[in-house]
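Only one structure is covered here, and it is reproduced in the block below.
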Amino acid sequence: MSKPKVIVSRKWPEEVEAQLKELYDVQLNENDIPMTADEMKHALANCDAFCPTVTDAVNADVLSGDNIRAKMIGSYGVGYNHLDLDAAKAAGLTVSNTPEVLTDCTADIAMGLLISAARRIGEGERHLRNGEWTGWRPTHMMANKVTGKTLGLIGFGRIAQAMATKAHFGFGMKIIFSDPYPPSQEVINKFGATQMSVEEVLQQSDFVSLHCPGGKETYHLINEERINMMQSHAILVNSARGDVVDNQALIAALKSGKIGGAGLDVFEGEPKLDPGFLDCENAVLLPHLGSASIETRIAMGERVLENLKAFFNGEIPRDKLV
C-alpha cells in the first residue's frame, strides 16, 4: 500500500524530517525558501496533506482551486491567523495546529524581553561592544527594577500563565490581567491575580505583556489611544502576534519617551521590519524566536506527526481546528 503524500513548506528539524521520510512519501523544502501562493496551490493539488508554518498565508485565494487533492493541513505552529479556516472547511480540509508544546519557551522569551528592556541589557551590550564603557559609576545606565512590580497580561491563556508563574513566584510580581475568556477561579487564585479591562491593565501596570491571538478581533488592539494610557516608565512586551500592535503608534511612543521601552519578538508585516524601530534605543528586538529552542521545535514537529497519524488512521486529530 502506497504511503500518503505529504508536502512540507519549510525546513524542519532534521529529527522530525527523518520521521517524515520514514512514514510518508514526503516532499521537503531543502533550501528553506518560502513558498509562493502559486506553489502552495500546486502543493495542495498534489498531496494528501500539506504542512505549512505560521508565515505561510494559506488564505482564501490559495484554497480556491477546484483541483485540491489534499484532505488535511497540518500547520507547524500554535497560531492560526495565517490560515483561512472558513475557506479550508469549505474545501473539505481538516486543519490542525501545535498548541501546548511551545508554552514554556515562548513564556521564557517574554520574560527575557521584559528583563532585557527593563534593565537596558541591549543598550548595555551595544555600549560595551562599541568601546564606549569608561567604567562603573553611580549614575551609569540606571534602569527599572523588575522584582515586586506589577505585570499586566493581555490574554491569560497557557503562555500568559506560564509567564505569570515565572514573574509571580520568581520575581514577586503582582499579576493583573484582561481576557474575555478568563481561566478558572482556581488558576486566578493561584497567582492572586485580578481581572480588569484592557484599559485598566494598561493604566496600572509597570510591565504589559501581550498574549492574545492575532486576527481581525485584535488588530491594533494596542493603538495610540491605549499606549497613551500606559505609565511613562512602563514597558510593553509582545511575544504574541505583530498585528496586535500599531507599529507607528509604538515607535512614536518609544521615541518621545511616552513609555519606558518595549521588548518585541514579533512585528506587524514581518519579516519586513519598520526601520523606525532601529532608531529606538529603548526597544529590545528579536526575530520571532519565541519557540526557537531545539526541544520545542522538535516537539512542534512531532505534534504535527501525531495529528497526521490520527487523520490517516481515520481518527480525529488531537489539535483539530476545523
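None of the figures in this text is laboratory data; all of them are computed from the coordinates on show. None of these values were measured; they are calculated from a predicted model. Cβ placement follows ideal geometry from the backbone for every residue including glycine, while neighbour counts extend to all protein chains displayed.
Could you list, in their original order, any pairs among 5/216; 190/216; 11/89; 11/166 whose Cα atoms are separated by more than 29 Å?
5/216; 190/216; 11/166
If I model a spin label at residue 11 and residue 306 as a point 7 Å from the Cα along the Cα→Cβ vector, what separation in nanometres do I get?
Using points 7 Å along Cα→Cβ, the separation is 2.7 nm.
Excluding residue 83 itself, calculate the net charge of residues whose Cβ lies under 12 Å from the Cβ of residue 83, where each Lys or Arg counts +1 and each Asp or Glu counts -1.
Numbers: positive: 89; negative: 56, 84, 86.
Within the 12 Å Cβ shell, the charges total -2.
Normalized C-alpha radius of gyration of the range 197-282, against 2.2 N^0.38 Å? Present the calculation step by step, with values, prior to reporting the outcome.
Values: Rg = 11.7 Å, N = 86, 2.2 N^0.38 = 12.0 Å.
My calculation over the Cα atoms of the range 197-282 gives 0.98.
Kindly express, to the nearest 10 degrees and within the range 0 to 90, the angle between helix 14-23's C-alpha long axis and the longest C-alpha principal axis of the chain.
It works out to around 20 degrees.
Around residue 44, what is the net charge, scoring Lys/Arg as +1 and Asp/Glu as -1 over all other residues with Cβ under 14 Å from its Cβ?
-3
Whole angstrom only: what separates the Cα centroid of the range 121-185 from the Cα centroid of the range 38-83?
Between the Cα centres of the range 121-185 and the range 38-83 lies a distance of 37 Å.
Counting only C-alpha contacts under 8 Å and six or more residues apart, can you give the relative contact order of the chain as a whole percent?
Working: 622 pairs, mean separation 55.5, N = 322.
Once normalised by length, the contact order is 17 percent.
Taking 0.36 nm per residue of sequence separation and subtracting the Cα-Cα distance, how much length would be gained by fully extending the chain between residue 220 and residue 203, in nm to one decimal?
4.4 nm
Normalise the Debye intensity by I(0) for the range 36-121, one equal point scatterer per Cα, no solvent, then take log10 at q = 0.12, 0.25, 0.26 Å⁻¹ and round to two decimals.
Debye curve over Cα of the range 36-121, log10 I(q)/I(0) at q = 0.12, 0.25, 0.26 Å⁻¹: -0.44, -1.17, -1.25.
Considering only DSSP beta bridges where both residues belong to the chain, give the percentage that are antiparallel (nearest 5).
Among the beta bridges of the chain, antiparallel pairing accounts for roughly 5 percent.
Give me the net charge of residue 203's neighbourhood, meaning all other residues with Cβ under 13 Å from the Cβ of residue 203; Lys, Arg count +1, Asp, Glu -1.
-3
For the range 255-322, just the Cα atoms, rotate onto the principal axes and tell me the three extents in Å, largest first.
Here the spans come out as 57, 26, 20 Å, largest first.
Using only Cα atoms, find the angle between the long axis of helix 294-312 and the longest principal axis of the chain, and express it within 0 to 90 degrees, rounded to the nearest 10.
Taking the Cα atoms of the chain, the angle to 294-312 is about 30 degrees.
Under 19 Å Cα to Cα from residue 21, which aspartates and glutamates show up? Leave out anything in the same chain fewer than 8 places away.
Filter leaves 30, 32, 48, 302, 306.
Using the Cα centre of the range 103-285 as the reference point, and only Cβ charges (+1 on K/R, -1 on D/E), how large is the resulting charge dipole? Debye, rounded to the nearest 20.
Values: 17 positive and 21 negative charges, 125 e Å.
Computed charge dipole of the range 103-285: roughly 600 debye.
Obtain the nm distance between the two label points defined at residue 171 and residue 190 by a simple spin-label model: each point lies 7 Å from its Cα along the Cα-to-C-beta direction.
Label-label distance for residue 171 and residue 190, simple model: 1.9 nm.
Where does the range 103-285 land on Rg/Rh, using Cα atoms and the Kirkwood Rh? Intermediate results must be reported in sequence, preceding the final value.
On the way: Rg = 16.0 Å, Rh = 16.5 Å.
Dividing the radius of gyration by the Kirkwood radius yields 0.97.
Which translational diffusion coefficient, to the nearest whole µm²/s, is obtained for the chain from the Stokes-Einstein equation, given a Kirkwood hydrodynamic radius over C-alpha pairs, 20 °C and 1.002 mPa s?
102
Distances over 16 Å make up what percent of all Cα-Cα pairs in the range 134-214?
The proportion of pairs with Cα distances above 16 Å equals 50 percent.
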